[in-house]
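Below: one structure, written as structure tokens.
The values are calculated or read from the model by the stated rules, or taken from the named source; none is laboratory data. Since the structure is predicted, the reported quantities are computational estimates derived from the model, not experimental observations. Positions of Cβ are generated from backbone atoms using ideal geometry, with glycine treated the same way; all protein chains shown enter the neighbour counts.
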Amino acid sequence: MAGAFVLFWPGIELLLTVWQSPEYSHGPLIPVLSGLLFLRQLKGEPIIQGPVNRLPGIVLMIISVLLGLAGQMVETPTVTATALVPWFGSVLLISFGWDQGKRFWPPIVHLLFMLPLPGYSYYKVSIALQLISAELGVWILRVMNIPVYLDGYIIDLGVLKMHVAEACSGLRYLFPILSFSYIFAVLFRGGIVMKTILLLSAAPIAVAMNSFRIAIAGMIVQYQGEEHLQGFTHFFEGWVIFVLSVLLMFLLARLLLVLQPGRMSLVEALDLDFSGISQQARRITLIEPSRSLAALAVFTMGAAVLWHSFPTIRTVDPARVELASFPQQVGNWTGGERLSLDPEVARSLKAQDYILSIYRDPAGGQVELFAAWFRDQTISGAHSPEVCLPTTGWEFAAFDRRDVGPEMGLDKPFLINRAVIQKGQEQMMVYYYFVQNGRQIAWDFGSKLWLFYDSVVHGRKDGGLVRLVTTIAPGESEAVAERRLQDMARELDGRLDRFFPGRDAVAQDG
């Protein structure tokens, strides 16, 4: 266990961090609930005497350790955290053997709910559900003859305008509801179809509750006044939506039971017998030591020690030009204003070189250019704006990954991440991408994979991030704002090579 703690520590540290956010505040309960599910299931399992097949557990253990090492090698703690799940599964398979251990998959699968979704997936899901909630909530208000208008991401109530993100913050409780629906489905004594319906009901229930929340907010503004809205918002945030969603799930289960032959009561349908849990916990101490368990401990500890004592790969420093000399004139764009990062932000970023500058075109358009270079990205490297933007009060209203080369008139791919972010009534459009040894990469995990490859094969650990931001003016379309970003991106293409040298760069001394 000590070896696993050392090996998987970056993943554990990530979990301890993300569990402090509202979206994943249920995280600490997941291992506890998985443990209870395991002990409850163990009650129905006989004590097996004699030899058991431990080979599948050994194979899974090797895979999990290698996955944990891969996560550390590419500096991606999400991968290391994910490796914890199959590692716990391997412990059960080795301890109980394949024939019995494979039946303990429900508590192991439940551990997946403690993991954060990758940023790209999280924002795509969140944005889609937010828009559905807003449209449904606006539809309810119109049915009740309350004047309301949905303009893109803005819910216009006449006297008050709410952004979709503000109106839909209740969706942050989607993940606890998903976890609860899984446990509910496991404990439900109905057939597989009913269990599946209960499991898949979490997202529709969360969206329905959020739509109801939006409709109630609209009615309060219409009949009570805007000043009463804040108290309602505070009341409905927290765990109120979660509790109401749980009640809806119980109601759904009751309706499903009505359709089932030989009707059971809801109490009978839920297997809530957790008696004898402490006795089952003591039973774990009866597991006999085996060579496979010893191999599990030695292999995990050995991998942890080997990784932390592995010699550092020699770093090649390519010849490059400092970003301070980046030109003030870029095509039709003039950079008349150089800015500095907040000292605390700069310390957190740990970039060895960066530029933050405002560029303007003759038509009055404005684009902010931020580019950062890191000498050794295994120590400190570029992280996705998906991580830092929400912490500064900005929220994603749209997010996708695309190739804008054809739109820019280029005869080559130009891979970027495109986001529309908002704070209150303000909106901005963002382009960003990673630069890794002459490659332009949109996928942050892909940049980590290339970093691992380049560090081993070429000794290159340097790279960075390029980000372009423009404000979407009131009444301005996204297409107009996007043309500004694409024009600036087109002008930057080829101009960054001196500052982010590629594979042909000559190494410099020191």
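Annotations for the structure displayed:
- Within the range 1-34, being touching a Pro at 6+ places or on another chain (Cβ under 7 Å) and under 20 Å from LEU178 (Cβ atoms) holds for LEU14, VAL18, TRP19, TYR24, HIS26, SER34.
- Selection over the range 403-417 of residues that are more than 21 Å from TRP373 (Cα to Cα) and either touching a residue at least 40 places away in the same chain (Cβ under 8 Å) or among the polar types (S, T, N, Q) (or both) gives a count of 5.
- From the list ARG263, ARG254, the one residue that fits, being touching a helix residue (DSSP H, G or I) at 6+ places or on another chain (Cβ under 7 Å), basic (Lys, Arg) and either modelled with pLDDT of 80 or more or surrounded by 12 or more Cβ atoms within 10 Å (Cβ to Cβ) (or both), is ARG254.
- Test for VAL435: is it within 16 Å of PRO501 (Cα to Cα), assigned by TED's automatic domain parsing to the domain that holds TRP373, part of a strand (DSSP E or B) and touching a residue at least 12 places away in the same chain (Cβ under 8 Å): yes
- Scanning the range 441-476 for residues that are surrounded by fewer than 22 Cβ atoms within 10 Å (Cβ to Cβ), within 16 Å of VAL367 (Cα to Cα) and among the hydroxyl-bearing types (Ser, Thr, Tyr) gives a single hit, THR471.
Residues are listed down the side, and each one gets a yes or a no for (1) part of a strand (DSSP E or B); (2) at pLDDT 90 or above; (3) outside the structural domain of ALA346 (by TED's automatic domain parsing):
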position	(1), (2), (3)
GLN377	no, no, no
ALA382	no, no, no
PHE396	yes, no, no
ASP400	yes, no, no
MET428	yes, yes, no
PHE445	no, no, no
PHE452	no, no, no
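- Filter pass, THR17 being β-branched (Val, Ile, Thr), within 30 Å of VAL457 (Cβ to Cβ) and part of a helix (DSSP H, G or I): no
- Qualifying position, being modelled with pLDDT of 90 or more, surrounded by fewer than 17 Cβ atoms within 10 Å (Cβ to Cβ) and not small (Gly, Ala, Ser), among LEU60, LEU84, LEU117, LEU112: LEU112
- Helices (runs of 4 or more DSSP H) fully within the range 50-153 counting 1 or more residues that are among the hydroxyl-bearing types (Ser, Thr, Tyr) and out of contact with any helix residue (DSSP H, G or I) (no Cβ under 9 Å at 6 or more places or on another chain): 119-143
- Top-ranked residue in the range 410-425 [being assigned to a strand (DSSP E or B) and at pLDDT below 85; ranked as surrounded by the fewest Cβ atoms within 10 Å (Cβ to Cβ)]: LYS423
- Any chance LEU42 is in contact (Cβ under 8 Å) with a residue 60 or more places away in the chain, of a type in the set (A, V, I, L, M, F, W, C) and buried (at least 16 other Cβ atoms within 10 Å of the Cβ): yes
- Hits in the range 326-346 - residues which are at pLDDT 85 or above, of a type outside the set (Val, Ile, Thr) and assigned to a strand (DSSP E or B): GLN329, TRP333, ARG338, LEU339
- Applying the criterion of being of a type in the set (D, E, K, R) and touching a Gly at 6+ places or on another chain (Cβ under 7 Å) to the residues of the range 36-57, the residue that is modelled with the highest pLDDT is ARG54.
- Candidate set from the range 322-345 (those that are among the hydrophobic types (A, V, I, L, M, F, W, C) and surrounded by 13 or more Cβ atoms within 10 Å (Cβ to Cβ)); member that is farthest from LEU465 (Cα to Cα): TRP333
- Picking from residues in the range 347-364 that are among the polar types (S, T, N, Q) and not in a loop (DSSP other than H, G, I, E, B), the one that is nearest to LYS461 (Cα to Cα) is SER348.
- Pair list, Cβ under 7 Å, 6 or more apart: the range 352-375 residue over 17 Å from LEU341 (Cβ atoms) and surrounded by fewer than 18 Cβ atoms within 10 Å (Cβ to Cβ), other residue aliphatic (A, V, I, L, M) and at pLDDT 90 or above: GLN366/ILE358
- Exclusive hit being in the same structural domain as VAL207 (by TED's automatic domain parsing), in a helix (DSSP H, G or I), at pLDDT below 80 and surrounded by fewer than 13 Cβ atoms within 10 Å (Cβ to Cβ), set PHE242, PHE235: PHE235
- Of the numbered criteria (1) buried (at least 16 other Cβ atoms within 10 Å of the Cβ); (2) closer than 20 Å to SER181 by Cα, the one PHE96 fails is (2).
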